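Structure first, then comments.
Nothing in this text is a laboratory measurement; each read-out follows from the coordinates by a stated rule. Because the structure is predicted, anything quoted here is derived from the model rather than measured. Don't worry about glycine lacking a Cβ; one is built from the backbone with ideal geometry, like all the others, and counts go over all protein chains shown.
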Amino acid sequence: MIKLKEVKILSPTGHLGFTPIEEESFWKGVNKKPDFICADSGSCDIGPYPLGADVAASPEEWQKHDLELMLLASRELDVPMIIGSASDTGTNRGVNQFARIIKNLTKKHGLKPFKMATIYADVQKETLLKRLEKGDVIEGLHGRPPLNKEILNRTNHIVAVMGVEPYIKALEEGADVIIAGRSSDVAVFAAPALWSGIPEDIAFYAGKVLECASFVAEPFAGKESVLGILREDEVIIEPMSNYQRATPESVASHAMYERIDPFIEWLPGGYIDMRGCVYEAIDEKRTRVRGSKFYRTPEYKIKLEGSGKVGERCFMIVGIRDPYLIANLDKVIEWSRKKVKEKFGESGYGLYYHVYGINGVMGELEPIQNPRPHEVGIIVEGVAPNLEMAKELTYLAGRNFLYARLIGVKGTAGAAAFISDEVLVAHPAYEWTINHLVKVNDPLELFDIRFETVGGV
C-alpha cells in the first residue's frame with residue numbers, strides 16, 4: 001500500500017467492449033496524467049444467456065479496440081490498468097480471452113515487459129455442494145429460497161462477485177495490468193484508491209459514481225471518459241468530453257440509480273451510506289462530493305451468480321393492422337395457444353406472446369390501459385427441449401394468427417402479415433438460477449490470482 005494525498009482515476013467506459021470507447025475524450029483524459037486507468041467489462045443487464053453458455057456478448061474486435069487504448073495509455077504513463085468482469089460475464093473463459101488479447105497487443109506494439117495479474121472467479125458446483133453438506137446456509141436474495149441441490153442441478157455456470165481484496169492483493173504484488181473475473185463494479189475503482197491510501201468512505205463512493213463513466217454526467221452520452229479526483233474527504237468528477245458536464249444533479253442521480261434503496265449500496269464486506277452526501281458545483285464542468293460513509297458488516301458475504309439452460313428458443317414475427325383483430329387480440333392469442341396445446345399438450349415447453357404497441361416492453365406492468373394502436377407487432381416466442389420442437393410449436397402458434405375464428409369476421413384470407421414466413425432460431429433460453437450470498441472467512445478464498453510477465457523475449 002502506498003500513501004497519496006490525491007488519486008486520479010480515469011474511467012473510459014461503463015462496459016468495456018459493449019460499444020467502442022470514444023477516443024477523443026479518452027486521450028484528453030490520458031493527458032490529465034491519471035494514476036490508474038480502470039474499466040468494468042461486465043453486467044447482468046445482458047441477461048443470463050452469456051453466463052450460462054459461457055460466451056461473450058460483445059464482439060472481440062470492440063473489446064480489442066478498448067483494451068488496446070487502455071494498454072497503450074497505461075504503459076505510456078507507467079500506471080496500472082485494471083479490468084473487472086472480463087468479457088461481459090467474468091468467467092474464466094473471459095479472463096483468459098482478455099489475457100490473450102493483452103499478450104497479442106503487447107507483441108504487436110513491442111511493449112516493454114510488465115507484470116500481469118489474472119484473477120479467476122468461477123465457482124464449481126462441487127465447492128458449493130460441500131458447503132451445503134456441511135450444513136452451511138447460502139441465502140437467496142430478493143425472495144429466492146436458500147441454495148439447494150435442485151438449484152445447483154439446474155445451473156450451468158457459476159461465478160463469485162469479488163470485492164476489493166483480490167485487486168489490492170494484485171497491486172501489492174506489483175501488477176501493472178490486472179484482468180479480473182466477475183467483480184463488484186465499485187471494487188474495480190475503489191481497490192486502487194484504497195491501495196493508494198484513500199479512506200474507505202471516499203474510495204467506495206468514488207467507485208460507485210465512476211463505474212459507468214459518462215453516465216454520471218449530462219447530457220446523456222455513452223462511452224465518453226470521466227476523471228475522478230479523490231482526496232481524503234472528497235471526490236471531484238470531471239467529464240472529459242467537450243459537451244458534457246458533471247452537475248450536482250447528474251452525479252447524485254447516477255449514485256442513486258438501479259438501487260432498491262437509493263441511498264445504500266451493498267458491497268462485499270459492507271455498504272455505502274449516501275444519506276449524508278453533499279454535492280457542490282465547483283464550476284460549469286465539475287462537481288465535488290463530500291459526506292459519504294462506508295460501514296463494514298460483521299460477516300463477509302460474497303454474491304454468487306448462476307445461470308442454467310431452459311431449452312432451445314425460436315421467434316416468429318407477426319404483424320396485425322386489422323382494427324377488429326386488434327380489439328379482440330386476447331381471443332386471437334387464445335386461439336393460437338389452443339392450437340399449440342392440441343398438438344403438444346399442456347406442459348413441457350414455453351410459449352410467449354410479446355405484443356409491441358400494447359405492452360410488449362412492460363407486459364403486465366404496463367400502466368396504460370386500453371390503448372388504441374392502429375397496428376401491432378407480435379413476437380411469438382417458443383421454448384422447447386429440442387430445436388425441432390421449438391421450431392414447430394413457434395410456427396404453429398404464429399401461423400394460427402391467420403386462422404383465428406372470431407364472431408363477425410367475414411373474410412377468409414386472414415388478417416395477419418408476416419415480414420417473412422419463417423421461424424427465426426435464437427440463442428437458447430437460459431434463466432438466472434443463482435442470486436445468492438455465501439459467507440466466507442477470507443475475502444480471497446473463492447478467487448485464484450496468478451501472475452506472469454508479459455512482453456520482452
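List of remarks:
- Pair Asn441, Tyr243: separation of 7 Å Cα→Cβ label points (nm): 5.6 nm
- Residues of region 141-162 with amide N under 17 Å of the 7 Å Cα→Cβ point at Tyr271: 141-144
- Point-to-point label distance, Lys32-Ile379, nm (Cα→Cβ direction, 7 Å offset): 3.7 nm
- Averaging the Cα positions of each part gives two centres, and for region 300-328 and region 401-457 these lie 8 Å apart.
- Glu6/Lys103 FRET efficiency (R0 45 Å; Cβ-Cβ; nearest 0.05): 0.85
- Annotation: peptides 243-249, 82-88, ranked by per-residue average of other Cβ atoms within 10 Å with the highest first, follow the order 82-88, 243-249.
- Residue (of Val310, Leu77, Phe26) at the positive-pole extreme of the chain, dipole from beta-carbon charges: Val310
- Residue separation of Lys343 and His427 scaled by 0.36 nm, minus their Cα-Cα distance, works out to 27.8 nm of gained length.
- Ranked list, fewest to most other Cβ atoms within 10 Å of each Cβ, for Ile419, Ile101, Ile434: Ile419, Ile101, Ile434
- Across Lys125/Lys338; Lys309/Lys339; Lys8/Lys439; Lys103/Lys125, pairs whose alpha-carbon gap is larger than 29 Å: Lys125/Lys338; Lys8/Lys439; Lys103/Lys125
- As a rough footprinting exposure proxy, the listed residues Cys212, Cys38 were ranked by other beta carbons within 10 Å of their own, and the order from fewest upward is Cys212, Cys38.
- Working from Cα pairs under 8 Å separated by at least six residues, relative contact order for region 1-46 is 54 percent.
- 0 to 90° range, to nearest 10: angle between helix 387-399 axis and the chain longest Cα axis: 60 degrees
- Measuring between alpha carbons in the structure, the pairs from Lys130/Lys169; Lys32/Lys285; Lys115/Lys293; Lys3/Lys169; Lys223/Lys285 lying more than 23 angstrom apart are Lys130/Lys169; Lys115/Lys293.
- Peptides 200-207, 93-100 ordered by average Cβ neighbours within 10 Å, highest first: 200-207, 93-100
- By the beta-carbon count within 10 Å of each Cβ, the least crowded to most crowded order of Leu71, Leu406, fewest first, is Leu406, Leu71.
- Take each peptide in 114-121, 257-264, count the other Cβ atoms within 10 Å of every residue, and average; sorted highest first, the result is 114-121, 257-264.
- Gln369 paired with Val409, simple spin-label distance in nm, labels 7 Å along Cα-to-beta-carbon: 2.7 nm
- Mean separation of Cα contacts under 8 Å (6+ apart) over length of the chain, as relative contact order %: 20 percent
- Added length on full extension, which subtracts the Cα-Cα distance from 0.36 nm per residue, Tyr352 to Glu280: 21.0 nm
- Relative contact order (%) - region 309-432, alpha-carbon pairs under 8 angstrom, separation at least six: 49 percent
- With 0.36 nm allotted per residue and the present C-alpha distance subtracted, the Ser253-Thr297 stretch has 13.3 nm of extension available.
- Computed FRET value (nearest 0.05) for Phe263 with Thr19, which takes r as the C-beta separation and R₀ as 41 Å: 0.85
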